[in-house]
Amino acid sequence: MGQSQYLWKLEQPAHAVANGYFMGCINRVGEEKPWNLGRFYGTSYFVNPLGQIIACASEDKDELLVTEFDLDLIDQVRGKWQFYRDRRPETYGEITAP
């Protein structure tokens, strides 16, 4: 596995955790001619707010990936993680005023 593919499987779950949401991460398969950009490694996936990949497509087949989300997990994760639990958006007024 090359660096790009390694980062593909690392970065998206990290974003989901940092923001406390589900993500659908899309990547194509095969090669694109005539540009010769290399082989695309597929593995489109869904990741939950805990950074867990909950469904994943293959590396080499065109597929439609479908899964179910438990949206209550967003509130559960944000309630435990202090960044969201302890934030005070009502105090942002002055710094967001035009």
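The values are calculated or read from the model by the stated rules, or taken from the named source; none is laboratory data. Computed from a predicted structure; not experimentally measured. With ideal geometry, Cβ positions are generated from the backbone for all residues, glycine too; neighbour counts draw on all protein chains shown. Surface accessibility is based on the protein's heavy atoms, side chains included, excluding ligands, DNA and RNA. Shrake-Rupley method; radii C 1.70, N 1.55, O 1.52, S 1.80 Å.
Numbers for the structure displayed
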quantity	calculated
Inverse mean reciprocal Cα-Cα distance (Kirkwood Rh) of the stretch 55-98, Å	14.4 Å
Long-range HN-HN contacts of Cys25 with modeled amide H, under 5 Å	Tyr45, Phe46, Val47
Backbone N under 13 Å from the Gln82 label point (7 Å along Cα→Cβ), restricted to the stretch 9-25	none
With every protein chain in place, the chain: carbon and sulfur % of accessible area (1.4 Å)	54 percent
Fully extended contour minus Cα-Cα distance, from Asn19 to Glu31, at 0.36 nm per residue	1.1 nm
Qualifying GluC sites (Glu not before Pro) in the stretch 41-98, DSSP loop, other Cβ atoms within 10 Å at most 10	Glu68
Per-residue [θ]222 nm for the chain (sum of -39500 (n - 2.57) over DSSP H runs n ≥ 4, rounded to 500)	-9500 deg cm²/dmol
Computed accessible area, Asp70, all protein chains, 1.4 angstrom probe, square angstrom	90 Å²
Nearest-20 debye value, the chain charge dipole, Cβ charges on Lys, Arg, Asp, Glu	260 debye
Per-residue ³J(HN,Hα) for the stretch 7-17, Karplus 6.51 cos²θ - 1.76 cosθ + 1.60, θ = phi - 60°, Hz, x for Gly and Pro	5, 4, 7, 9, 5, 5, x, 5, 5, 4, 5
Net charge of Cβ neighbours under 13 Å - reference Gly79; Lys, Arg +1; Asp, Glu -1	+1
Solvent-accessible surface (1.4 angstrom probe) belonging to Arg88, in square angstrom, nearest 10	120 Å²
Projected-area mean, the chain, by convex hull of Cα positions, square nanometres	9.6 nm²
Solvent-accessible area per residue, Å², over the chain with all protein chains present [probe radius 1.4 Å]	75 Å²
Relative contact order computed over the chain (Cα-Cα under 8 Å; 6+ residues apart), in percent	21 percent
Built amide H within the under 5 Å cut-off of Glu59, gap 5+	Thr43
FRET efficiency for Glu90 and Leu7, using Cβ-Cβ distance with R0 set to 35 Å, rounded to 0.05	0.40
